[in-house]
Amino acid sequence: MDTTYDVRFWKTSVYEGRKKTTYTVRWELEGKEWRKPFGTAPLADSFRAGLVSAASKGEAFSLSSGLPVSFLSRAASVKWYDFAVQFVDQLWERTSANNRRNVAKALTPVTIALLRSQPTTFKGVEVRRALREYAFNTRRREQAPPEVAVILRWVQRNSLTMAAWEDESIAETALRAAATKLDGKAVAASSARRTKRVLNVLFEYAIKKKVLKENPLPKGKGASTTAAKTSSAVDKRSLLNSGQAATLLGWIYARPRGGRRLHAFFAAMYYAGARPEEVVAIDVGDVRLPDAGADDQWGELLLHAAHPEVGKQWTDTGEVREERGLKGRAADDTRTVPCRPALTRILRTHIEKEGLKPGDLLMQGEKGGYLAGSVIRRAWRRARKEMLNPYEFGTPLGRRVYDLRHTCLTNWLNAGVPPATVAEWAGNSVPVLLATYARCIDGQLDDLKQRIEDAGELPDPAAPRR
């Protein structure tokens, strides 16, 4: 049980500090001491009187929060595991596959931290997999294998109630677990932020359902103590110069198996700045090239879909990739990206060699269908290893496929293309674009210095007067 009738009360302690006096109500449940500080004696006396009154009426106290059950709304009667599953289910139909996966990843370590005891019969990795892949997956939960179902029943029985979030020490432990990897190292700051966003939505839902009275996440200056600070700005070291890009793409082009198809994919990212999930979704009919023989002219790419790779267990269709609209835009919106002559020649050759026609995917796998993300990433890693020297390979230089997009957008900005135009081509807002690439813009400093000088200077008082 999560409650007890074994309660004892102590005299309110008074601490007189330099600036204020604190009155702390103290009581004990089954040998564990609880404290709650107040700024005035009347507030402390009122709270203590409420505790004593509840105990005299024979009311049970929660072992998770230390408070009488009547103080806790419905929190003490709802288990965290059950509520987390309910939260996932109500969210499932109205969210993307990628968000479903992120919610499951965020709730898994928190759920393990909110167990009465850690598992001894099962391995920790087995419990994590059962939670992430089945408990927090609405579509697969009822399909869980028998051994997984046993683990989930054990978790449900051993889960603390939602009242655990009203105990600051337990809440801190759960949040710390969410921000820590299995090896004890801190998770990436972006992952910590994502987990906090998920929990914020969950707690707002709990308040709406009257399970909690307030959001237990820390606020104010101490709210970010569990997560490292992050920057959305691109690391300038990750950008490729033209020689490095040519070397890497040239190696990929020369690969005996699938090299030319992959070369077209990477070239579309480098020259058009499209996201990987947008490039794999391009239809041949959306490639507007100039007439044959005019490969020295510009064309256009019409982007209207994105097919992110999230895993078949998270999509409604059971496919590895989810079919979605463009990021941050209405479902049927499109955007036009210029196709420079170099890309025009590459895509025309690619379409002709593969025998593609309107209605076909521009970038396909070896056996048709989607180009697999694992194939893309493996080819890029191999190219870096083969063509970069040991020092460059160990740096952020082009470490991610996405760095091709970063390089393209930076090149556009450095060429003097107005940020509003670059933002439109890239599918970003202007504020996001500038925050992301401001540190990478260069090549215009001399001109800017001259403009500042031309704005005029005060006369030098030391100069001889005429």
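Observations on the structure shown:
- Hey, G293 assigned by TED's automatic domain parsing to the domain that holds A426, assigned to a loop (DSSP other than H, G, I, E, B), touching a residue at least 40 places away in the same chain (Cβ under 8 Å) and surrounded by fewer than 14 Cβ atoms within 10 Å (Cβ to Cβ) or not: no
- Pick from segment 161-173, criterion within 27 Å of the chain's Cα centre (by Cα) and of a type in the set (A, V, I, L, M), ranking: surrounded by the most Cβ atoms within 10 Å (Cβ to Cβ): M162
- Of all residues in segment 25-36, those satisfying the criterion of being surrounded by 12 or more Cβ atoms within 10 Å (Cβ to Cβ) and closer than 13 Å to K11 by Cα are V25, R26, W27, E28, W34, K36.
- Single condition N98 does not satisfy, out of (1) over 30 Å from H307 (Cβ atoms); (2) out of contact with any Ser or Thr (no Cβ under 8 Å at 6 or more places or on another chain): (1)
- In segment 13-28, the count of residues that are aliphatic (A, V, I, L, M) and either in the same structural domain as L160 (by TED's automatic domain parsing) or in contact (Cβ under 8 Å) with a residue 40 or more places away in the chain (or both) is zero.
- Applying the set (1) of a type outside the set (K, R); (2) in a loop (DSSP other than H, G, I, E, B); (3) modelled with pLDDT of 95 or more to L301 leaves exactly one unmet item: (2).
- Of all residues in segment 236-254, those satisfying the criterion of being assigned to a helix (DSSP H, G or I) and either of a type in the set (G, A, S) or touching a strand residue (DSSP E or B) at 6+ places or on another chain (Cβ under 8 Å) (or both) are S238, S242, G243, A245, A246, G250.
- Taking segment 255-290 as the range and being among the β-branched types (V, I, T) and in a loop (DSSP other than H, G, I, E, B) as the test, the residues that pass are V280, I282.
- Residues satisfying the stated conditions in segment 190-236, i.e. modelled with pLDDT of 85 or more, under 30 Å from T407 (Cβ atoms) and hydrophobic (A, V, I, L, M, F, W, C): A192, V234
- Selection count, segment 393-418, where residues are outside any loop (DSSP other than H, G, I, E, B) and either touching a residue at least 60 places away in the same chain (Cβ under 8 Å) or within 28 Å of the chain's Cα centre (by Cα) (or both): 12
The values are calculated or read from the model by the stated rules, or taken from the named source; none is laboratory data. Keep in mind the model is a prediction, meaning the values are calculated, not measured. Heads up, the Cβs are rebuilt from the backbone with ideal geometry, glycines too, and the neighbour counts pull from every protein chain shown.
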